[in-house]
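The block underneath contains the structure these notes are about, expressed in structure tokens.
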Amino acid sequence: MAQHPQESIDLYHKSLSDMIEKTNNDAYREATNLLIKIEKSLKDSNADCTLLYDMIAVLMKDFKQKRNMMKLLREYFPECF
């Protein structure tokens, strides 16, 4: 993440999109856990979380019909809403 932040975010976006497209609650929890892990890693290294939050905003736009996923994102990332 530190050396190539945009490329890392792009890869995470692809992976997370694939998870969310599985359309089941376990996949949603797995995607949310990965986002939490990324955020924690960024905060632990005092890095800027802007790219992460921007990616979450794109995921919210792309998957707004996935109500259970949106509920998890609202719970763990309220700053993105």
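The values are calculated or read from the model by the stated rules, or taken from the named source; none is laboratory data. Just so we're clear, the structure is a prediction, and the values are computed from it rather than from any experiment. Note: ideal-geometry Cβ built from the backbone for every residue, glycine included; neighbour counts use all protein chains shown. Side chains are part of the model used for accessible areas, which takes the heavy atoms of the whole protein and leaves out ligands, DNA and RNA. Shrake-Rupley method; radii C 1.70, N 1.55, O 1.52, S 1.80 Å.
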Margin query: Quick check on LYS43: is it more than 16 Å from HIS13 (Cβ to Cβ), in a helix (DSSP H, G or I) and over 9 Å from the mean Cα position of the chain (by Cα)?
Written below: yes
Margin query: Show the residue pairs meeting these rules: Cβ distance below 9 Å; 6+ apart or different chains; first residue within segment 1-15 and farther than 16 Å from ILE36 by Cα; second residue in a loop (DSSP other than H, G, I, E, B) and open to solvent by less than 100 Å² (accessible area, probe 1.4 Å).
Written below: ALA2/SER45; ALA2/ALA47; PRO5/ALA47
Note to self: Can you list residue pairs whose Cβ atoms sit under 7 Å apart, with the first residue in segment 47-64 being of a type in the set (Gly, Ala, Ser) and the second being open to solvent by less than 60 Å² (accessible area, probe 1.4 Å)? Count only pairs 6 or more apart in sequence or on different chains.
What the structure shows: ALA57/CYS80
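How many residues does segment 31-46 contain that are open to solvent by 60 Å² or more (accessible area, probe 1.4 Å) and either touching a residue at least 12 places away in the same chain (Cβ under 8 Å) or closer than 15 Å to PHE81 by Cα (or both)? Can you show your working first?
Initial filter on segment 31-46 (open to solvent by 60 Å² or more (accessible area, probe 1.4 Å)): 33, 37, 40-41, 43-46.
Filter once more, keeping what is either touching a residue at least 12 places away in the same chain (Cβ under 8 Å) or closer than 15 Å to PHE81 by Cα (or both): 41, 45.
So the count comes out to 2.
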